[in-house]
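The block underneath contains the structure these notes are about, expressed in structure tokens.
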Amino acid sequence: MVIIVGSGAGGATVAKEVAAKGLSVTLIEKGPEIEDKDAFKHYSNVDSEVKVMRTICLGGTTTVSAGNGVRCLEEELRQVGIDLKVEFEEGEKELGVGVLPDSLFGEGTRRIMDAAENLGLDVKKMPKFIDPNRCKSDGRCSFGCPEAAKWSALSFVKEAERNGAKILTNMPVDGVLVKNGEVKGVRCGDRVSSDDTVVLSAGALETPRLLKRMGLPTSSSSLFVDTFITIGGILAGIGFNKDVTMNAVMKFEDFLLSPHFSRHLVNGMERRGLKASPEDILGIMVKIKDEEVGVLDEKVEKGVTNRDAVLLSEGASLAGSILGEAGADPATFVSTPLRGAHPGGTARIGIAVDQNLETEVSGLYVVDASVLPAAPGAPPILTIVALAKYVSRIIAR
Ligand SMILES: Cc1cc2nc3c(=O)[nH]c(=O)nc-3n(C[C@H](O)[C@H](O)[C@H](O)COP(=O)(O)OP(=O)(O)OC[C@H]3O[C@@H](n4cnc5c(N)ncnc54)[C@H](O)[C@@H]3O)c2cc1C
């Protein structure tokens with residue numbers, strides 16, 4: 001019997017894997033049951049100098065992802081004794097990771113890719129977990145896909161349910177029960193669910209709070225978020241806001257660049273007295289491996305260090321050159337506010353959990369972005385899915 005707390009990348013994968021092995025599973029989720037297309041209604045972003053993004057609903061933050069499926073932290077995890085080769089391969093197959101056909105590359109994305117090549121940069125198509133036969137290229141990936149063309153953890157939740165898992169929604173877990181060093185279940189208000197295996201997958205901003213309440217170690221002063229901004233400028237009538245978001249990538253040592261439209265660009269231009277509609281804007285995201293010095297306490301404190309600022313400026317300057325080469329008007333360039341969409345590192349391997357992702361309480365595991373050993377500076381879902389598969393094998397044994 002296994003209780004899983006949270007149904008995002010980590011929790012839904014464990015639920016699917018262990019239910020398929022015939023174990024009895026209860027998946028407890030704080031947010032409501034939703035359809036992919038309604039995910040944007042469940043953003044529950046956390047304010048700080050860098051705004052931290054996430055959603056609270058069945059399927060967790062995977063429901064608003066851009067569908068980017070890349071391996072990250074493979075080497076860092078190997079160094080702590082976790083080899084995910086098999087799990088990555090399985091995950092890529094199940095999520096359907098691959099590059100999209102040319103027909104799903106819009107004019108704006110193509111112009112950015114050509115411009116980057118003209119400037120001598122290495123630009124690649126981004127591997128996606130998007131079904132090309134269902135994708136309508138409406139630019140709504142991060143709202144929740146109206147066609148459910150993009151993989152989200154909701155599909156794993158449904159698979160777990162078909163294999164007998166009990167799914168409880170609108171139930172925030174607020175405590176973990178322990179006796180004689182062994183986990184005994186979880187509490188949600190007055191309601192107690194008992195079990196001898198509990199997996200915490202409530203995300204990097206919630207899991208450490210549950211651990212702290214139990215007096216267990218965390219690394220909640222080492223929060224990273226992969227801080228990002230998007231630089232945009234006007235290119236009249238380009239229609240880039242409908243392109244598949246982040247369909248290409250340029251990788252650098254500690255940051256990446258990717259074609260990206262954001263509504264914040266429209267607002268930024270309005271503030272500067274520029275008249276632009278969403279159809280007229282071309283943009284590039286600058287996403288960095290930020291320094292791991294954010295603090296998760298009652299509140300989240302996440303700012304920008306000198307090193308972060310240097311990386312963001314370096315990326316922004318390159319993004320500006322590419323946008324200019326692609327035809328956007330440099331006089332119109334604006335930036336979005338600082339945000340971070342990959343919170344993690346708050347209950348790390350080696351501090352909060354061991355190599356099996358088990359805490360010092362027997363039977364209590366952590367499987368979500370909290371355990372990641374370093375800022376990935378890249379999309380982490382595939383890595384969390386692979387880690388969840390790895391732990392599921394340990395639990396089933
Ligand atoms: C806009 C956006 C786009 C992104 N795009 C990509 C992308 O293209 N590719 C990629 O790899 N990554 C992407 N990410 C990041 C990715 O979505 C997250 O890193 C990933 O979902 C984290 O997985 P997790 O299991 O740690 O947490 P989550 O997926 O957030 O799941 C945590 C779950 O726990 C639930 N929960 C919280 N507290 C409790 C509680 N007390 N009791 C019960 N349940 C609780 C939450 O409601 C949620 O369902 C994106 C993120 C954002 C915001």
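Need the full-extension length gain, Ala331 to Ser313, defined as separation in residues times 0.36 nm minus the C-alpha distance. One decimal, nm. The partial results should precede the final answer.
Values: separation 18, 0.36 × 18 = 6.48 nm, distance 1.75 nm.
In short, 4.7 nm is gained.
For the ranges 362-371, 146-155, what's the packing order if you count other beta-carbon atoms within 10 Å of each residue, average per peptide, and put the highest first? Could you put the intermediate results ahead of the total?
Details: 362-371: 27.3, 146-155: 21.6.
Result, highest mean first: 362-371, 146-155.
Please report the antiparallel percentage of the DSSP beta bridges confined to the chain, to the nearest 5.
Numbers: 40 of 57 bridges.
Roughly 70 percent of the beta bridges in the chain run antiparallel, per DSSP.
Which value, in debye to the nearest 20, describes the size of the charge dipole of region 75-157 about its Cα centre when Lys and Arg Cβ atoms bear +1, Asp and Glu Cβ atoms bear -1, and nothing else is charged? Write down the numbers at each step before the final one.
On the way: 12 positive and 16 negative charges, 71 e Å.
Once rounded to the nearest 20, the dipole reads 340 debye.
Along the Cα→Cβ direction, 7 angstrom out, place labels at Ser24 and Lys251. What is the inter-label distance in nm?
Placing both labels 7 Å along Cα→Cβ, they lie 4.5 nm apart.
Is there a quick way to get the dipole size of region 20-74? I mean about its Cα centre, with the Cβ of Lys and Arg at +1 and of Asp and Glu at -1; what is the value in debye to the nearest 20? Kindly include the intermediate steps, with their values, before the conclusion.
Values: 7 positive and 8 negative charges, 25 e Å.
Around 120 debye, computed over region 20-74.
Determine the gain in length on full extension of the stretch Glu147-Asp122; use 0.36 nm per residue of separation and subtract their C-alpha separation, reporting nm with one decimal. Let's see the in-between values first.
On the way: separation 25, 0.36 × 25 = 9.00 nm, distance 3.18 nm.
Result: 5.8 nm gained on full extension.
Which order do peptides 348-360, 169-181 fall in by mean Cβ count within 10 Å, highest first? Before the final figure, lay out each step's value.
Values: 348-360: 18.9, 169-181: 15.1.
Result, highest mean first: 348-360, 169-181.
Among 387-397, 259-269, what's the highest-first ranking by average C-beta atoms within 10 angstrom per residue?
Values: 387-397: 20.0, 259-269: 22.1.
Top of the packing list down: 259-269, 387-397.
Charges on Cβ only, +1 for Lys and Arg, -1 for Asp and Glu, centred on the Cα centroid of the chain; of Thr109, Leu265, Gly315, which one is farthest towards the dipole's positive end?
The residue sitting most towards the positive pole is Leu265.
Quick check: pseudo-label points 7 Å beyond the Cα along Cα→Cβ at Arg78 and Val295, how many nm apart are they?
Placing both labels 7 Å beyond Cα along the Cβ direction yields 3.7 nm.
Gap in Å between the Cα centre of region 93-156 and the Cα centre of region 1-76?
With region 1-76 and region 93-156 each reduced to a Cα centre, they are spaced 21 Å.
Round to the nearest 0.05 the FRET efficiency obtained for Asp138 and Asn45 when R0 = 25 Å and r is the Cβ-Cβ distance. Don't jump to the answer; show the numbers that get you there.
Numbers: r = 23 Å, r/R0 = 0.91.
Efficiency, from the Cβ-Cβ distance: 0.65.
Under a point-charge model restricted to the Cβ atoms of Lys and Arg (+1) and Asp and Glu (-1), what is the dipole moment magnitude of the chain relative to its Cα centre, in debye to the nearest 20?
Result for the chain is approximately 700 debye, rounded to the nearest 20.
For the charge dipole of region 180-219, defined by +1 on Lys and Arg C-beta atoms and -1 on Asp and Glu C-beta atoms about the Cα centroid, which residue among Ser194, Pro217, Gly181 has the Cα displaced farthest towards the positive pole?
With unit charges placed on the Cβ atoms, the residue in question is Pro217.
What length, rounded to one decimal in nm, is gained on full extension from Arg272 through to Asp102, with 0.36 nm per residue of separation minus their alpha-carbon distance?
Details: separation 170, 0.36 × 170 = 61.20 nm, distance 3.55 nm.
So the chain would gain 57.7 nm between Arg272 and Asp102.
Would you calculate the separation in nanometres between label points at Asp174 and Arg213, each defined as 7 Å from the Cα along the Cα-to-beta-carbon direction?
That separation, rounded to one decimal, is 0.7 nm.
Which of Val123, Pro146, Asn45 sits farthest toward the positive end of the charge dipole of region 1-157, with +1 on the Cβ of Lys and Arg and -1 on the Cβ of Asp and Glu?
Pro146
Which of the lysines could be linked to Lys212 by a straight reach, that is with a Cα gap under 20 Å, when you skip same-chain ones fewer than 8 residues away?
By straight Cα distance, Lys212 reaches Lys30, Lys179, Lys184, Lys299, Lys302.
Every number here is computed from the coordinates shown, using simple stated rules; none is lab data. If you're wondering where the values come from, they're calculated on a predicted model, not measured in any experiment. Don't worry about glycine lacking a Cβ; one is built from the backbone with ideal geometry, like all the others, and counts go over all protein chains shown.
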